[in-house]
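Contents: one structure, followed by commentary.
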Amino acid sequence: MQAKVVLKYCPDYTADVELRLREGLAEWGGMTAFVKPGQKVLLKVNLLMKKLPEEAVTTHPSVVEAMVHLVQEAGGIPIIGDSPGGPYSVSALQSIYIRSGLREVAERTGAILNEDVGQTTIQYPEGKLVKSLTVTNCVLGADVIIPLSKLKTHSMMTFTGAVKIMFGVIPGLLKAEYHLKMFKISDFADLLVDIATWVGPALSIMDGVVGMEGDGPSAGKPRDIGALILSTDPFALDVVAADLIGLKPEKVPTLMAARARGLTSRLNEIQLKGDSRSLWRIQNFVIPKAISTNFFDVVPLPRNVKRFVLNRLRSRPIFEHEICVGCSDCVNNCPPKALTMNENQRPVVDLEACIRCFCCQELCPHQAIKLFKPWLGRKLLK
């Protein structure tokens, strides 16, 4: 049976977002198909870091508020939550809720903002790469999980959407440990697929009204797209979202990991409903270059020589010290501890230790970290 994806045109956040979502949900019979009276519904938003809605890093509050109304209408109890990057603490959550506009949403609607920062290790024997996961308690306490992702490119994983957002069920700094253990992109993609299949969201919704292109998920540029996308299959949703911006599934590691397991990964496996695809003519969307070492996998060089050469050909973080304020967020959140602060309280990187997860660039609150992609590396590493 083909997965169903509903595409709704929504030119901006001043449009009737709730109406568009209501129209999309009608393809399944409305929100009551997913939410029953009295159920706790986790609206798992993208709260990567403390950013304003217009910066296109976090799920826009207009989309979250619309979903809160629809859940309440169905008799559910909406809980807004996520585990952002960095420390998973009540104070960190509160500051991000305020900055992202979600505190105001909660005040207007009566929705609950999750402040339970507990975590639990669960067993998942069906996982391909991991057989257990440590997850946030707010996920375990929910009767229904509806992720509200943001359409963005991603410097490490090329694309982040309905599948990648579920990495947010891993609490705070523990994410760094997973990055360190699964530093190969293919392994990390398998981890994300394991998490997504464990979560098994009832419904996935993507905020693609304004997305992000370039060096996402936090340092790229906002880009008007005008789309709200709904599906019960997060992999199918990502296929459609990627197609909107001209990105082939073969360039998205999570979709290739899904394909290897027989999950949805091709447009011809999807029943596309909603508004006409011809409404979207998005050209020249800036996509990060995928990082791969396939070229060197077959080159007969000693391991230490291969590592030395690769570290100089692969993308690497560049720290713009004149923008940096010396907050040390990048150092504190570096999984392999490859960053240190110099005598001027500015970060420097040990390229031999760096695993190219780009958590530093992702979590920098001042966008003081850029990615440098050597010309020869762009030619050899595809």
Q) Restricting the search to the stretch 257-266, which residues are under 21 Å from Phe285 (Cα atoms) and either open to solvent by 60 Å² or more (accessible area, probe 1.4 Å) or in contact with an Asp or Glu (Cβ under 8 Å, 6 or more places away or on another chain) (or both)? A) Arg266
Q.
Against the condition within 30 Å of Glu213 (Cα to Cα) and among the β-branched types (Val, Ile, Thr), how does Val144 come out, does it pass?
A. no
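Residue by residue, here is whether (1) over 12 Å from the mean Cα position of the chain (by Cα); (2) surrounded by 21 or more Cβ atoms within 10 Å (Cβ to Cβ); (3) in the same structural domain as Asp243 (by the TED database) holds:
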| site | (1), (2), (3) |
| --- | --- |
| Val139 | yes, yes, yes |
| Met157 | no, yes, yes |
| Lys184 | yes, no, yes |
| Asp190 | yes, yes, yes |
**Q.** Single match in Thr254, Thr232, Thr264 (criterion: under 23 Å from Leu371 (Cα atoms), among the hydroxyl-bearing types (Ser, Thr, Tyr) and either modelled with pLDDT of 95 or more or touching a Lys or Arg at 6+ places or on another chain (Cβ under 8 Å) (or both))
**A.** Thr254
Q) Does Val57 satisfy the condition of being within 30 Å of His179 (Cα to Cα) and buried (at least 22 other Cβ atoms within 10 Å of the Cβ)? A) yes
Q: Evaluate the stretch 66-74: report whether one residue or more is open to solvent by less than 20 Å² (accessible area, probe 1.4 Å), over 29 Å from Arg223 (Cα atoms) and touching a Ser or Thr at 6+ places or on another chain (Cβ under 8 Å).
A: yes
Q: Search the stretch 267-286 for residues being touching a Lys or Arg at 6+ places or on another chain (Cβ under 6 Å) and buried (at least 17 other Cβ atoms within 10 Å of the Cβ), and hand back the single one that is nearest to Asp190 (Cα to Cα).
A: Gly274
**Q.** Residues (over 17 Å from the mean Cα position of the chain (by Cα) and at positive phi) located in the stretch 20-66
**A.** Gly29, Gly30, Gly38
Q) Is there a residue being open to solvent by less than 60 Å² (accessible area, probe 1.4 Å), in contact (Cβ under 8 Å) with a residue 60 or more places away in the chain and under 30 Å from Gly246 (Cβ atoms) anywhere in the stretch 85-99? A) yes
Q: Read through the list (1) open to solvent by 10 Å² or more (accessible area, probe 1.4 Å); (2) over 25 Å from Leu140 (Cβ atoms); (3) outside any helix (DSSP H, G or I); (4) not aliphatic (A, V, I, L, M), then give the number of the only condition that Pro201 fails.
A: (2)
Q. If you go through the stretch 353-382 one residue at a time, how many are modelled with pLDDT under 85, in a loop (DSSP other than H, G, I, E, B) and open to solvent by 20 Å² or more (accessible area, probe 1.4 Å)?
A. 3
Q. Counting residues that are in contact with a strand residue (DSSP E or B) (Cβ under 6 Å, 6 or more places away or on another chain) and under 16 Å from Asp207 (Cα atoms), which strands (runs of 3 or more DSSP E) fully inside the stretch 31-132 reach at least 1?
A. 40-45, 77-81
(Q) Which pairs turn up if I take residues in the stretch 214-238 that are over 20 Å from Pro53 (Cβ atoms) and look for partners that are polar (S, T, N, Q) and open to solvent by 10 Å² or more (accessible area, probe 1.4 Å) with beta carbon separation below 6 Å, at least 6 apart in sequence or on another chain? (A) Asp233/Thr264; Phe235/Thr264; Ala236/Thr264
Q: Please give the number of the condition Ala15 fails out of (1) among the hydrophobic types (A, V, I, L, M, F, W, C); (2) at pLDDT below 95; (3) touching a Leu at 6+ places or on another chain (Cβ under 7 Å).
A: (3)
Q: Would you mind stating whether Lys164 is basic (Lys, Arg), surrounded by 21 or more Cβ atoms within 10 Å (Cβ to Cβ) and in the same structural domain as Ile229 (by the TED database)?
A: yes
(Q) Would you confirm whether or not the stretch 107-114 contains a residue that is under 30 Å from Ile318 (Cα atoms) and in contact with a His (Cβ under 9 Å, 6 or more places away or on another chain)? (A) no
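The values are calculated or read from the model by the stated rules, or taken from the named source; none is laboratory data. These numbers were taken from a predicted model, which means no experiment stands behind them. For neighbour counting, all protein chains shown are included, and Cβ atoms are generated from backbone atoms with ideal geometry for every residue, glycine included. Ligands, DNA and RNA are excluded from the accessible area calculation, which covers all protein heavy atoms including side chains. Shrake-Rupley method; radii C 1.70, N 1.55, O 1.52, S 1.80 Å.
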